[in-house]
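Worksheet for the structure shown next.
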Amino acid sequence: MKSLGTIILVIAVLAAVPLVVQSNTTLNFLVVTLLVALAGQGWNVLGGYGGQYSFGHAAFFGTGAYTTAILQVRYGINAWPAFAAGIALGAAVGGVIGALTFRAGLRGSYFALVTLAFAEVLRILASVTPITGAGVGTLVKLDLRVEVLQFQSRAAFYWFILALVAVSLLIAHAIERSRFGAYLIAVRENEDAAKALGVNTTRVKLGAMVISAAITAASGCFYTQYFLFIDSGIAYGARMSIEALLTPIIGGVGTVFGPLLGALVVQGLGEVAKHVAGDAPGLSLIVYGCVLVLVIGFAPRGLIGLVETARRYFSRPSKREAVNG
Amino acid sequence: MAEPLLSVERVSCRFGGLLAVNGASLNAEPGCITGLIGPNGAGKTTLFSIISGFQKPTDGLVRYRGEIVTGLPPHELARRGVARTFQIVQPFAGLSVRENILVGAHLRHPKRGDALAAADKVGRELGLGDMLDRPADTLTVAGRKRLELAKALATEPQLLLLDEVLAGLNPSEIRDMVPVIRALCDRGITILMIEHVMQAVMSLSRHMFVLAEGSIIAQGAPSEVASDRRVIEAYLGHGAARKLGVVS
């Protein structure tokens with residue numbers, strides 16, 4: 001139960017931030033960071049615990065975002081059920097892509113490429129079909145009322161996305177402590193060995209894909225409500241797929257807090273780079289690239305892995321003394 | 001003679017131009033150890049893969065507890081009580097010994113607490129009690145072989161397929177391992193084992209099958225098989241039996 005306590009503590013500390021920080025810029029930065037952390041947590045369920053590296057999580061982010069927007073704008077449905085429908089449809093897209101790829105036995109780089117292709121196909125479709133607003137995109141009407149899931153203050157938006165992140169942390173925690181999680185990790189470590197021990201690997205991967213897609217879709221739904229605009233490049237573009245996989249890899253794949261920590265570091269560095277070098281285009285991508293190279297080179301298990309290694313390193317001498325003395 | 005727990009009936013398996021298994025039939029009697037021996041490349045591991053569902057046979061039937069199970073996926077066979085070990089051990093390398101065994105234990109124990117208790121019990125039985133918290137990839141060869149066995153055993157199988165669990169062990173490690181395998185049999189688990197360590201497999205098995213070039217060329221009690229002319233020639237080459245003075 002130690003990690004459950006940590007989750008509560010982390011969320012409580014983060015929840016207190018708007019009480020201290022009033023700056024809209026800072027809150028905006030934190031909202032976007034949490035949004036990326038949520039998308040990353042979705043990726044982490046499938047990629048971190050299940051070892052299935054998707055390069056196309058934008059497929060779920062975009063589906064969530066578009067569903068939330070289109071249901072409101074074109075069908076006059078309230079934002080709250082539209083938000084839920086976005087998550088559900090994102091999960092369904094995950095189920096379809098999962099069924100197609102896992103049944104075909106795609107693994108490793110083949111799986112990564114096919115997921116990337118799905119996201120690209122959706123991006124192209126969204127940029128031409130009328131229902132998504134084609135190249136123009138879809139604008140949601142500004143209407144700052146809680147009934148339509150738009151908040152007056154940034155702090156309220158912040159608490160809303162924080163609540164979603166909290167749920168995603170609890171989901172990751174529950175996965176770690178369940179049979180499903182043990183099976184998912186077994187699939188990551190050695191698929192044939194898992195099969196021999198009675199694991200229906202296709203079903204386990206499919207389940208992970210659906211949960212993963214639902215979480216990432218939720219971040220897309222939130223994006224629509226926060227920015228009130230979505231187009232095909234934002235929704236299904238490679239940038240979101242990259243951020244969703246970058247944050248957990250940098251923070252620590254297959255850990256509860258990896259995506260949150262990774263999002264803070266990645267977004268923070270991006271922000272620092274902006275201040276230092278002005279708004280040079282593509283600068284944040286260069287920063288991401290450098291951080292990724294450093295992490296993969298020196299901390300393949302991410303920052304959380306680095307912390308654990310350090311902890312073990314510092315706890316060793318005391319044991320040695322105990323043995324010698 | 002009791003109804004066999006497992007019977008393989010005229011199974012063939014072809015990989016392109018290579019007929020790896022050619023109409024092989026064998027039985028495993030419940031509650032005892034059956035040995036499967038044969039020279040390298042005879043098709044033993046392919047036959048195991050077919051029995052455990054990893055490979056579909058080109059032809060023939062596999063019957064388990066009287067039911068035809070040919071072509072069922074491995075996880076379904078595991079659920080019905082067929083467990084296997086791999087000749088090249090397949091640990092979950094990044095996990096601890098306990099977590100490795102836990103995956104197997106979860107098959108009969110959905111709750112994490114029960115599964116952990118079951119995993120610890122199996123680990124201790126196989127002499128891994130002191131290593132439960134160690135990462136699996138830090139184990140010695142002997143430790144890995146034991147872990148391979150522990151994972152399979154944690155699924156609480158009725159039929160255990162052991163693919164060379166003694167290979168790569170030194171004589172003293174083999175001496176330690178033989179009673180472990182015998183104890184499993186005493187608990188009522190039916191064992192079918194592929195083994196190259198003749199002394200061990202001869203002393204453990206009640207009945208043996210010899211596979212050569214994909215076909216069963218001999219079967220019977222270990223002593224009969226060992227003196228069979230065809231078996232000696234399969235291992236040592238044509239004419240070897242005569243030179244050794246075996247008459248048949």
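The numbers here are math on the coordinates, done by the rules we state, and not lab data. None of the values given here were measured: they were computed from a predicted structure. All Cβ positions, glycine included, derive from the backbone under ideal geometry; neighbour counts span all protein chains shown.
Taking amide hydrogens as modeled 1.01 Å from N in the peptide plane, which residues meet the under 5 Å criterion relative to B:Cys32, leaving out close sequence neighbours?
The answer is B:Ile191.
With chain A treated as a Gaussian network of Cα nodes joined by springs under 10 Å, which of A:Gly268, A:Gly233, A:Gly207 yields the largest mean-square fluctuation?
Maximum among the listed residues: A:Gly268.
So what is the relative contact order of chain A, in percent, for Cα pairs below 8 Å that sit 6 or more residues apart? Kindly include the intermediate steps, with their values, before the conclusion.
Values: 535 pairs, mean separation 100.8, N = 325.
Reported as a whole number, the value is 31 percent.
Identify, among A:Cys221, A:Leu283, B:Thr140, the residue whose Cα sits farthest towards the positive end of the charge dipole of the protein assembly as shown, taking +1 on the Cβ of Lys and Arg and -1 on the Cβ of Asp and Glu, with the dipole about the Cα centre.
B:Thr140
Work out, step by step, the length gained on full extension between A:Thr309 and A:Leu228: first 0.36 nm times the residue separation, then minus their alpha carbon distance; give nm to one decimal. Intermediate values should be presented prior to the final figure.
Details: separation 81, 0.36 × 81 = 29.16 nm, distance 4.30 nm.
This chain segment gains 24.9 nm when fully extended.
Placing +1 at every Lys and Arg Cβ and -1 at every Asp and Glu Cβ, with all other atoms neutral, what dipole size does segment B:6-244 have around its Cα centre, in debye to the nearest 20? Don't jump to the answer; show the numbers that get you there.
On the way: 28 positive and 24 negative charges, 41 e Å.
With Lys and Arg at +1 and Asp and Glu at -1, about 200 debye.
Please average, across the residues of B:121-132, the number of beta carbons from any other chain that are within 10 Å of each residue's own beta carbon, and give a whole number. It would help to have the intermediate numbers written out before the result.
On the way: counts 0, 0, 0, 0, 0, 0, 0, 0, 0, 0, 0, 0.
Mean number of neighbouring Cβ atoms from other chains: 0.
I'm a student and want to see the number: the projected area of the Cα convex hull of segment A:133-185, averaged over all directions, in nm². Present the calculation step by step, with values, prior to reporting the outcome.
Details: hull surface 26.2 nm².
With every direction weighted equally, the projected area is 6.6 nm².
Skipping prolines and chain starts, which residues have an amide H placed within reach, meaning under 5 Å, of the one on B:Leu126, given they are 5 or more residues away or on another chain?
Close amide H contacts, sequence-distant or interchain: none at all.
Binning at 10 Å from 0, report for segment B:75-159 what percent of all alpha-carbon pair distances ends up in each bin.
Percent of Cα pairs in each bin: 21, 56, 23, 1.
Using +1 on the beta carbon of Lys and Arg, -1 on that of Asp and Glu, and nothing else charged, what's the dipole of segment A:2-259 about the Cα centre, debye to 20? Please list the in-between numbers first.
Values: 15 positive and 9 negative charges, 59 e Å.
My answer is approximately 280 debye.
With Rg and the Kirkwood Rh both taken from Cα atoms, where does Rg over Rh land for segment A:12-55?
Rg divided by Rh gives 1.18.
Among A:Ser232, A:Ser315, rank each residue by its count of other Cβ atoms within 10 Å, from fewest to most, as a rough exposure measure.
Details: A:Ser232 24, A:Ser315 9.
Fewest-to-most ranking of A:Ser232, A:Ser315: A:Ser315, A:Ser232.
Report the Stokes-Einstein translational diffusion coefficient (µm² s⁻¹, integer) for segment B:125-234, Rh taken as the Kirkwood radius over Cα pairs, at 37 °C with viscosity 0.692 mPa s. Before the final figure, lay out each step's value.
Values: Rh = 15.3 Å.
Answer, rounded: 215 µm²/s.
Please rank B:Lys44, A:Lys141, fewest neighbouring Cβ atoms within 10 Å first, as an exposure proxy. Show your work: numbers first, answer last.
Details: B:Lys44 27, A:Lys141 9.
Listing B:Lys44, A:Lys141 from fewest to most nearby Cβ atoms yields A:Lys141, B:Lys44.
Please compute the net charge surrounding A:Gly305, taking Lys and Arg as +1 and Asp and Glu as -1 over other residues with Cβ under 12 Å from its Cβ.
Values: positive: A:Arg301, A:Arg311, A:Arg312; negative: A:Glu308.
Summing Lys and Arg as +1 and Asp and Glu as -1 gives +2.
How much of the calculated P(r) for segment A:2-259 lies past 34 Å, in percent of all Cα pairs?
On the way: 5180 of 33153 pairs.
Value for segment A:2-259: 16 percent of Cα pairs lie more than 34 Å apart.
Please go through the residue pairs A:Lys141/A:Lys205; A:Lys141/A:Lys274; A:Lys205/B:Lys151; B:Lys44/B:Lys151 and name each one whose alpha carbons sit more than 32 Å apart in this structure. Don't jump to the answer; show the numbers that get you there.
Details: A:Lys141/A:Lys205 39 Å; A:Lys141/A:Lys274 30 Å; A:Lys205/B:Lys151 21 Å; B:Lys44/B:Lys151 22 Å.
Long pairs (Cα-Cα over 32 Å): A:Lys141/A:Lys205.
If contacts are Cα pairs under 8 angstrom and at least 6 residues apart, what is the relative contact order of chain B in percent?
Values: 494 pairs, mean separation 61.8, N = 248.
Rounded, it is 25 percent for chain B.
Under unit Cβ charges (Lys, Arg +1; Asp, Glu -1), what dipole magnitude, rounded to 20 debye, does the protein assembly as shown have relative to its Cα centre? It would help to have the intermediate numbers written out before the result.
Details: 50 positive and 38 negative charges, 63 e Å.
The dipole magnitude comes to about 300 debye.
What residue among B:Gly43, B:Gly127, B:Gly94 has the largest mean-square fluctuation in a Gaussian network model of chain B, using Cα springs under 10 Å?
Per the Cα network of chain B with a 10 Å cutoff, B:Gly94 tops the list.
Read phi for every residue in segment A:179-189 and hand back ³J(HN,Hα) as whole Hz from Karplus 6.51 cos²θ - 1.76 cosθ + 1.60, θ = phi - 60°, with x for Gly and Pro.
4, 4, x, 4, 5, 5, 5, 4, 4, 4, 6
Starting from the 7 Å offset along Cα-to-Cβ, what nm value, one decimal, do you get for the label separation of A:Arg74 and B:Asp114?
It works out to 4.9 nm between the two label points.
Would you give the gap between the C-alpha center of segment A:156-198 and the C-alpha center of segment A:248-270, rounded to a whole Å?
Centre-to-centre distance over Cα atoms comes out at 16 Å.
Among A:Arg203, B:Arg175, which comes first, second and so on when ranked by fewest other beta-carbon atoms within 10 Å?
Ascending Cβ contact count within 10 Å gives the list B:Arg175, A:Arg203.
Taking only C-alpha pairs under 8 Å that are 6+ residues apart, what is the relative contact order of segment B:14-114 in percent? Could you put the intermediate results ahead of the total?
Values: 60 pairs, mean separation 17.4, N = 101.
After rounding, I find 17 percent.
If you plug each phi of segment B:12-24 into the Karplus form 6.51 cos²θ - 1.76 cosθ + 1.60 with θ = phi - 60°, what whole-Hz ³J(HN,Hα) values come out, in order, with x for Gly and Pro?
Karplus-based 3J(HN,Hα) across segment B:12-24 equals 10, 9, 10, 10, x, x, 9, 8, 6, 10, 10, x, 7 Hz.
Please compute, for peptide B:85-91, the average count of beta-carbon atoms on other protein chains lying within 10 Å of each residue's beta-carbon. Provide the component values of the computation, followed by the final result.
Numbers: counts 2, 4, 0, 0, 1, 9, 3.
For peptide B:85-91, the averaged partner shielding equals 3.
In whole Å, how far is the Cα centre of segment A:223-240 from that of segment A:53-116?
Result: 13 Å between the Cα centres.
Let me know the Kirkwood hydrodynamic radius for the protein assembly as shown, please, with Cα pairs as the basis and the value in Å to one decimal.
Values: mean 1/r = 0.0375 Å⁻¹.
One decimal place: 26.7 Å for the Kirkwood radius.
For B:Glu125, project a label point 7 Å along Cα to C-beta. Then give me every residue of segment B:156-174 with its amide nitrogen under 15 Å of that point.
The answer is B:156-161.
In the structure shown, do any of B:Lys121/B:Lys145; A:Lys195/B:Lys56; B:Lys56/B:Lys111 have a Cα-Cα gap over 23 Å, and if so which? Don't skip to the answer; put the middle values down first.
Values: B:Lys121/B:Lys145 17 Å; A:Lys195/B:Lys56 15 Å; B:Lys56/B:Lys111 33 Å.
Where the Cα-Cα span goes over 23 Å, the pairs concerned are B:Lys56/B:Lys111.
Could you give the length gained by full extension between B:Val180 and B:Ala167, i.e. 0.36 nm per residue of separation minus their alpha carbon distance, to one decimal place?
Details: separation 13, 0.36 × 13 = 4.68 nm, distance 1.51 nm.
Extra length available between B:Val180 and B:Ala167 comes to 3.2 nm.
Rounded to the nearest 10 degrees, what's the angle between the helix A:108-126 long axis and the longest principal axis of chain A, both from Cα atoms, 0 to 90?
10
Using 0.36 nm per residue, how much length does the chain from B:Ser223 to B:Arg134 gain when fully extended, once their Cα-Cα distance is taken away? Spell out each step's value before the answer.
Working: separation 89, 0.36 × 89 = 32.04 nm, distance 4.19 nm.
Full-extension gain reported as 27.9 nm.
I need the shape label for segment A:1-149. Rule: rounded when a/c is under 1.5, else prolate if a/b > b/c, else oblate, with a, b, c from the alpha carbon gyration tensor. Walk me through the numbers on the way to the answer.
Working: a/c = 2.13, a/b = 1.13, b/c = 1.88.
Oblate.
Assuming R0 = 30 Å, what is the FRET efficiency of A:Ser178 and A:Ala238, from their Cβ-Cβ distance, to the nearest 0.05?
Values: r = 33 Å, r/R0 = 1.09.
After rounding to 0.05, the efficiency reads 0.40.
If you add up the charges near B:Pro30, with Lys and Arg at +1 and Asp and Glu at -1, over every other residue whose beta carbon is less than 10 angstrom from its beta carbon, what do you get? Provide the component values of the computation, followed by the final result.
Numbers: positive: B:Arg65; negative: B:Glu3, B:Glu29.
Residues close to B:Pro30 contribute a combined charge of -1.
Put one equal scatterer on each alpha carbon of chain B, apply the Debye formula with no solvent term, and list log10 I(q)/I(0) at q = 0.08, 0.11 1/Å to two decimals.
Log10 I(q)/I(0), no solvent term: -0.31, -0.58.
Would you mind checking which residues have amide H under 5 Å from B:Arg84's amide H? H placed 1.01 Å from N; only 5 or more apart, or other chain.
The answer is B:Leu161.
Percent of Cα-Cα pairs per 5 Å bin, from 0 to the last occupied bin, for segment B:200-244, please list those.
All Cα pairs, binned at 5 Å, distribute as 5, 24, 29, 23, 15, 3 percent.
From the backbone phi of segment B:106-121, what are the Karplus-calculated ³J(HN,Hα) couplings (6.51 cos²θ - 1.76 cosθ + 1.60, θ = phi - 60°) in whole Hz, Gly and Pro given as x?
Ordered by residue, 3J(HN,Hα) equals 5, 4, 9, 10, x, 6, 4, x, 4, 5, 5, 4, 5, 5, 4, 5 Hz.
Would you mind counting up the charge near A:Thr138? Only other residues with Cβ under 13 Å from its Cβ, with Lys and Arg at +1 and Asp and Glu at -1. Working shown, then result.
Values: positive: A:Arg74, A:Lys141; negative: A:Asp231.
Taking every other residue near A:Thr138 into account, the sum is +1.
Shape verdict for segment A:230-299, please, from the Cα gyration tensor: rounded (a/c under 1.5), prolate (a/b greater than b/c) or oblate.
Oblate shape, in that a/c is at least 1.5 and b/c is the bigger or equal ratio.
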